[in-house]
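Notes to accompany the following structure.
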Amino acid sequence: MATPIEKPSILLIVGGGVAAYKSLELIRLLRKAEMEVRVVLTGAGAQFVTPLSLASLSGAKVYEDLFSLTDETEMGHIQLSRQADLVVIAPATADLLAKAAQGLANDLASTLLLASDKAALAAPAMNWRMWTHPATRRNLAVLREDGMIFVGPDDGPMACGEQGPGRMAEPEAIFAAINAALNRAQNPVDLLTGKKIVVTAGPTHEPIDPVRYIANRSSGKQGFAIARAAREAGAEVILISGPVALEAPEGVSLVRVETARQMAAAAEAALPCDLFIAAAAVADWRVESDAGQKIKKTGGGLPTLHLVENPDILAEVAQRAAGRPPLVVGFAAETEHLLDHARKKRLRKGCDLIVANDVSENAGVMGGDENTLVLVSAEGETTWPRLGKDEAARRLIGHLAQILAWREAP
Ligand code: CTP
């Protein structure tokens, strides 16, 4: 494996799409990771973001024109493309991709792509019909063949009001793809430095008598992966887990509990925090008074279990009058009507975001290593592609770090 470049230089081409605003956040992440960023703004891109904001964030001149004399004396287009370790196109519009596939060179962005001797990474953003159009499919096949790397697009509601694949990947996902392309660590290191995060994970066991209990099939894998990703992103992490066969992720404080009531007490004790993520599959009910001794088959008929409701940990944290964490995230494991249930659950619990996943038998999520997550917030829904639980966790942590950063932005 080649050694990672110490201070990589990125040539970022910002195309014309509503998603161009996300490129501002991408530049912030790249600069924070000590990468040099030179921005090329297309004419269409300039309709969505200003050269001034791009220049302020990148700390460098923004290039717009192929025939600008100043640019040519300062740095010609050949040099501009050669100086970069990686060319990134975000948003990569259908038009930019078509030009790149054809080898056209009729503006600065397309000329740079043609003159470049470096790998290019594209984050497509377009209406879903454009994305699924045979012409775009053909262009993508050509570009993949040429070695272009793609990140996204995501599936979800679009600025045009339609729904489908075509939303530009989130800045953290693009950032992770850039790191991967540059052979650097894939984690959004330092995104959560100085933040405290509490994660609940695993099932709870609710005793019936000293040897029997009510449980569920949660393995805790997703919650543990989230705790690990948060720690890798620099956060202080308290992981409160029901009984699972997993080791504590490095650097994470693990509090092992059995019952929902113990989990609720541990969550309360772990507050305050900046981000609360309820990934546990908490048992909804417990036996009102568990038998002190093993229940015997005495021939006197079947025992009756009187169930009472457990505390709803997520709702209690999300609805705290004082000391509510700034960002509270819940999970919704559903076997049917995923979106409908998740939307209602978000409102009922009072949390900011619900991460919904399909746990019906044919989805193979329970105990498995992959997940298809749908993020449900007040702004709408975004469906992520099927990802390994570690990758999904990193992406979720990147996404949540971004929300926290936006909320804190002046
Ligand atoms: N949750 C919780 N405490 C509970 C029950 C659930 O903190 N007593 C949290 C879970 O960790 C998850 C979210 O609430 O983040 C949704 O859990 P789920 O079991 O899907 O929701 P329920 O409220 O139990 O709704 P239902 O069983 O009707 O689907």
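Report summary: the helix-based calculation at 222 nm, which adds -39500 (n - 2.57) for every DSSP H run with n ≥ 4 and divides by the residues of the chain, gives -10000 deg cm²/dmol.
Comparing S116, S360, S81 in a Gaussian network model of the chain where C-alpha atoms under 10 Å apart are linked, the largest mean-square fluctuation is found at S360.
Given in Å, the Rg to one decimal and the Dmax to the nearest whole number for the Cα atoms of the range 102-189 are 14.3, 39. H77 exposes around 50 Å² of accessible area when a 1.4 Å probe is run over every protein chain in place.
Applying 0.36 nm per residue to the separation of T335 and L52 and subtracting their alpha-carbon distance, the gain on full extension is 97.0 nm. In the chain, the alpha-carbon atoms span a convex hull of 161 Å³ per residue.
Near M158, once Lys and Arg are set to +1 and Asp and Glu to -1 for all other residues with Cβ below 15 Å from its Cβ, the sum equals -3. With both residues required to sit in the chain, DSSP beta bridges show an antiparallel share near 35%. Here the range 381-410 and the range 196-222 have alpha carbon centers that stand 25 Å from each other. Stokes-Einstein diffusion for the range 17-121, with the hydrodynamic radius set to the Kirkwood value over Cα pairs and evaluated at 20 °C in a medium of 1.002 mPa s, equals 154 µm²/s. For K294, the aspartates and glutamates whose Cα comes closer than 18 Å to its Cα, not counting residues fewer than 8 places off in the same chain, are E206, D209.
For Y213, the accessible area of its heavy atoms, probed at 1.4 Å with every protein chain present, is near 120 square angstrom. The residues packed around P171, meaning those with a beta-carbon under 13 Å from its beta-carbon, carry a net charge of +2 if Lys and Arg are +1 and Asp and Glu are -1. Applying 1/(1 + (r/R0)^6) with R0 = 35 Å to the Cβ-Cβ distance of R137 and A180 gives a FRET efficiency near 0.90. Past 21 Å, Cα to Cα: identify those pairs from K7/K61; K344/K389; K7/K32; K7/K118; K22/K196, in the order given. Table pairs above 21 Å Cα-Cα are K344/K389; K22/K196.
What is the packing order of peptides 325-332, 218-225, 50-57, 289-296, taking the mean over residues of other C-beta atoms within 10 Å and listing the highest first?
Put in order of decreasing packing, that is 218-225, 325-332, 50-57, 289-296.
Work out which GluC sites (Glu not before Pro) in the chain are exposed loop sites (DSSP not H, G, I, E or B, at most 12 other Cβ within 10 Å) and give the longest gap free of them.
35-161
Accessible area per residue was computed with a 1.4 Å probe on protein heavy atoms; R31 scores about 100 Å².
The values are calculated or read from the model by the stated rules, or taken from the named source; none is laboratory data. Note that this is a predicted model, so its numbers are computed, not measured. Neighbour counts run over all protein chains shown; Cβ positions are idealised from the backbone, glycine included. SASA here: full protein model, heavy atoms, side chains in, ligands and nucleic acids out. Shrake-Rupley method; radii C 1.70, N 1.55, O 1.52, S 1.80 Å.
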